[in-house]
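Structure in structure tokens, see below.
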Amino acid sequence: MGLLSIIRKNRQKEREMRILFLGLDNAGKTTILKKLNKEDISGISPTLGFNIKTFVHGNYTLNIWDVGGQRTLRPYWRNYFEQTDALVWVVDSSDRMRMEDCKEELHSLLTEDRLAGASLMIFANKQDLPGSMTEAQIRDVSGHRRSPWLGLWARTENRIKPAWRFSNHQVLALQSIKSHNWSIWPCSAVTGENLVTGLDWIVNDAANRLYYSSTALHKAIPTQTA
Amino acid sequence: MSSESNSTWTFSQSFTASFQASRTELHSRIAAFAATPPTAADVEDLAARLAKLSKALSDASASLPTYDQKLYTTQIKNLEKDIDAFRTAAKPKTRFAFKRKAPTVAAATAPPPIESASPLPLAPPITSSHDTGPGPAEATTGTAPLPPPDSAMLPKGLELSEHSHRYLSWPDLPSAVSPGSAPDLAISKLSRCIVNLLPTTEYPSRFSALHIRNLSDCVLLLPFNEGSALIHDIKNCVLVLGCHQFRMHTSTNVDVYLRIASNPIIETCHGIRFATYPSRLAPQLLQEPPQPPFTVQDFSHIRATRSPNFELVGQKLWNETRPWPTERISDKDELANVLIAFLPETTSTS
């Protein structure tokens with residue numbers, strides 16, 4: 001073991017990342033976290049305040065802050081913005097009645113200076129429910145050049161899902177987001193579908209920004225040894 | 001450095017003086033009420049004074065020595081207890097203690113077997129176009145163009161909406177529910193209706209997520225559901241349901257008969273009464289061990305004092321003896337009479 005690898009190992013220990021989980025109440029933020037952490041998800045109460053979970057994911061130690069989404073708690077979200085590396089926005093895909101509310105809250109977050117640059121992942125949660133919107137329906141639909149195509153895609157890919165009314169209806173207007181690197185993942189906290197893959201994406205995306213030089217190094221290592 | 005600690009010292013000195021002064025004053029007020037029981041307004045006044053004092057303490061806690069902090073906190077707690085005693089004396093009916101439990105209470109209950117639901121094949125994710133160039137969306141759009149989706153032919157989750165003066169049950173749902181499935185259900189814009197979706201031999205289904213919005217003067221009889229219930233803007237209603245999580249927003253005068261393993265919450269609500277799910281409507285309950293009583297949290301009243309917006313009535317709300325309207329009622333007058341008998345506003349004033 002050479003000196004360089006010792007130094008590199010040491011550096012790995014310091015690799016921490018602060019991830020903020022936000023979204024409207026009933027989106028499933030706490031349930032996703034508990035499921036990721038392999039805890040029991042049957043008796044979770046709505047979050048009064050916040051939860052912190054720290055766990056190791058790949059090469060990184062994640063400090064995940066899960067803040068309650070009730071309307072009374074939303075003004076306090078700003079207290080958690082500082083030093084956030086990645087933002088996970090959780091959407092209840094079955095909650096059609098509040099998609100507008102969901103969109104407004106998300107877009108107002110994205111104008112925050114302290115969240116500038118943070119990677120953004122949208123979890124389109126509750127895909128296990130038969131009445132949920134697909135992630136394509138949630139992403140963006142309206143008035144956008146690409147919208148009819150996206151709608152089509154949703155129907156052909158996943159026929160069993162009921163589709164949303166596409167005409168003139170912005171759902172989350174994600175395509176308009178230019179300020180953050182974003183990605184949307186359909187998932188289910190109950191079945192665990194896509195939770196880890198989604199987390200992989202956001203951790204890698206944030207890591208590429210935060211630990212640019214060392215991630216580049218890391219990628220180079222396997223090819224050398226192989 | 002020394003000047004800083006000096007100022008902290010002076011602050012804690014003066015704080016101690018003012019804190020003890022207001023504490024003794026409050027204490028003597030409470031003592032005065034020992035002979036003559038205070039009115040509700042008196043109790044509220046005491047509670048408000050205590051809240052102010054407790055706020056002052058928490059604001060000052062950074063500059064107080066640890067020992068003093070602990071002492072003052074216990075003193076405040078004792079006062080709180082006294083005031084609470086007045087409350088319970090004024091309202092001896094309530095059986096529950098309103099303690100905030102540790103958040104891990106429900107961990108002991110067994111997880112429901114929901115894991116077995118087969119995961120749907122999920123589509124690949126789409127990333128933002130500016131970092132990946134052409135996304136997979138474009139890659140998959142080579143299929144033959146279909147006509148734009150017609151909103152009429154699109155099934156959503158089940159929906160029960162825009163009815164008044166009706167008795168609604170399974171046959172009134174817009175699409176048939178296949179037995180054994182657990183669809184999500186939205187109930188909205190009803191007035192003066194009775195909704196009965198209790199499981200029957202013909203319709204043994206349950207629901208997953210429940211979305212309830214804009215109801216007035218309704219009675220809802222719902223089964224135990226696996227998902228969460230999200231409720232907005234309902235007035236003068238009776239809700240009977242079992243669910244995984246319960247959230248109610250901006251509602252007034254609602255009786256909730258609930259079976260739940262987590263803590264139900266309310267936000268900007270008023271006049272909510274909570275009771276347990278009546279076993280008459282779910283005979284299997286009698287064979288199951290009783291669930292531990294739930295603790296309601298009011299997000300509009302996050303304080304040590306009790307929220308004025310709800311009460312727990314245990315099983316007292318005639319819940320076992322009431323003639324629940326489980327049979328279809330087609331006569332409008334009879335429906336109106338049943339509603340009058342059940343709804344909170346009409347019953348509480350009579």
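The values are calculated or read from the model by the stated rules, or taken from the named source; none is laboratory data. Keep in mind it's a predicted model, so treat the numbers as computed, not measured. Please note: Cβ atoms are built from the backbone with ideal geometry, for glycine as well, and neighbour counts cover all protein chains shown. To get the accessible areas, we keep the full protein, side chains included, count just its heavy atoms, and leave off ligands, DNA and RNA. Shrake-Rupley method; radii C 1.70, N 1.55, O 1.52, S 1.80 Å.
Report the residue count in segment B:1-47 for those that are at pLDDT 80 or above, among the β-branched types (V, I, T) and closer than 30 Å to B:P308 by Cα.
Count: 3.
Let me confirm something: among B:L120, B:L71, which residue is at pLDDT 75 or above and aliphatic (A, V, I, L, M)?
Of the residues listed, the single one that is at pLDDT 75 or above and aliphatic (A, V, I, L, M) is B:L71.
Also, I was wondering about something else. Identify, please: which residue in segment A:52-71 is over 21 Å from A:Y211 (Cβ atoms) and buried (at least 18 other Cβ atoms within 10 Å of the Cβ) and is, among those, nearest to the other protein chains (Cβ to nearest Cβ)?
A:Q70
Filter segment A:96-129 for residues that are open to solvent by 50 Å² or more (accessible area, probe 1.4 Å) and within 11 Å of A:V171 (Cβ to Cβ) and give the result.
A:E100
Still on this model: Could you tell me how many of the residues in segment B:209-224 are open to solvent by 10 Å² or more (accessible area, probe 1.4 Å) and either over 19 Å from A:R71 (Cα atoms) or among the aromatic types (F, W, Y) (or both)?
Total satisfying the criteria: 3.
Something else about it: What about B:S300, is it within 14 Å of chain A (Cβ to nearest Cβ), touching a residue at least 40 places away in the same chain (Cβ under 8 Å) and under 15 Å from the mean Cα position of the chain (by Cα)?
The answer is no for B:S300.
Also, I was wondering about something else. Hey, among B:S262, B:S251, which residue is modelled with pLDDT under 95, within 14 Å of chain A (Cβ to nearest Cβ) and more than 16 Å from B:L221 (Cα to Cα)?
B:S262
Let me ask something else. Within segment B:271-296, how many residues turn out to be assigned to a strand (DSSP E or B), touching a Pro at 6+ places or on another chain (Cβ under 9 Å) and in contact (Cβ under 8 Å) with a residue 40 or more places away in the chain?
The total comes to 3.
Still on this structure: Among the residues of segment B:233-245, how many are under 14 Å from B:P264 (Cα atoms) and either in a strand (DSSP E or B) or in contact with a helix residue (DSSP H, G or I) (Cβ under 7 Å, 6 or more places away or on another chain) (or both)?
6
Name, by its number, the condition in (1) within 29 Å of B:D184 (Cα to Cα); (2) open to solvent by less than 50 Å² (accessible area, probe 1.4 Å); (3) at pLDDT below 85 that does not hold for A:T191.
(3)
Separate question: Yes or no: A:F81 open to solvent by less than 30 Å² (accessible area, probe 1.4 Å), more than 11 Å from every other protein chain (Cβ to nearest Cβ) and not hydroxyl-bearing (S, T, Y)?
Considered against the rule, which asks whether it is open to solvent by less than 30 Å² (accessible area, probe 1.4 Å), more than 11 Å from every other protein chain (Cβ to nearest Cβ) and not hydroxyl-bearing (S, T, Y), A:F81 comes out as yes.
If you don't mind, there's one more thing I want to ask. Kindly indicate which of B:P278, B:P290 is open to solvent by less than 10 Å² (accessible area, probe 1.4 Å) and more than 14 Å from chain A (Cβ to nearest Cβ).
That would be B:P278, the only listed residue that is open to solvent by less than 10 Å² (accessible area, probe 1.4 Å) and more than 14 Å from chain A (Cβ to nearest Cβ).
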